[in-house]
Amino acid sequence: MTKPYPMQMAERELDRAEADKILEAGEYCVVSTVDADGTPYGIPLSYVMMDGRMFFHTGKRAGHKIDDFERDPRVSIAVATEVEPCYEETFFTTRFASVVAQGRISRVEDSLILRKVLVALCMKYLPQFKDEIGGAIEREFDITEIWVVDFDEVRAKGGRRLQADEREG
C-alpha cells in the first residue's frame, strides 16, 4: 500500500471511532478490485460488520469479482451514509459521511462463522423474517460463500452532517 494522500479538506476527516460507526450504519458498500489487465472493477454489495471486519456473501460460481478476489486479494471499500442533497445560502451541496478503506479479502472456510455471518446479514436487512433464517440458510448453504475483508487502512470523512440527535430522530 502506498502512503495515503492528505485529505483535501482536512477539517472533514473523521476519527476511527466515527469511521466504525459509518461502517456499522452503512446500507451497502462498493468493493473495488483491479483486473489482471489493470481495469478497475467495482461492485455494490450488502455487508455486515463483525469484530471490526467486513463480511459479505456471494455465490460459489466463478465470476468477475470472485476471479479478481482470488487473483489479487487487495480491495478498496467505499461506504456512504447520511447522504442528503441540500442548498446552503447560494450553492447546492450534499451532507454526507463516508469511509474509504483498503484491505485484503479472503474466503471464510469455517462453517460456524459462515452461519453466524449469514444470520447477521439476514438480521441486518430483514429482521422481520427472523423465523425464516434457519431454513433459508439450510437451503442456500451449499451454494453460498462468505468473504471477509481485513482492513489495512480506514479513513472517514464527513461534511455538513446533522447532529447525532437530528440523524437518529
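One residue is enough: does the range 96-103 have a residue meeting the conditions out of contact with any Ser or Thr (no Cβ under 6 Å at 6 or more places or on another chain) and over 26 Å from GLN163 (Cα atoms)?
So the first thing to find is which residues in the range 96-103 are out of contact with any Ser or Thr (no Cβ under 6 Å at 6 or more places or on another chain), and the list is 96, 98-101, 103.
Next, only the ones that are over 26 Å from GLN163 (Cα atoms) stay: 103.
Yes, the range 96-103 has at least one match.
Against the condition open to solvent by less than 80 Å² (accessible area, probe 1.4 Å), in contact with a helix residue (DSSP H, G or I) (Cβ under 8 Å, 6 or more places away or on another chain) and closer than 12 Å to ILE146 by Cβ, how does MET123 come out, does it pass? No.
Within the range 156-169, the set of residues being surrounded by 12 or more Cβ atoms within 10 Å (Cβ to Cβ) and either of a type in the set (Gly, Ala, Ser) or at pLDDT 95 or above (or both) comprises ALA156, GLY158, GLY159.
The values are calculated or read from the model by the stated rules, or taken from the named source; none is laboratory data. In this text the structure is predicted, and so the values were computed from the model without any measurement. Virtual Cβ from ideal backbone geometry, glycine too; neighbours counted across all protein chains shown. Accessible surface areas use protein heavy atoms only, side chains included; no ligands, DNA or RNA. Shrake-Rupley method; radii C 1.70, N 1.55, O 1.52, S 1.80 Å.
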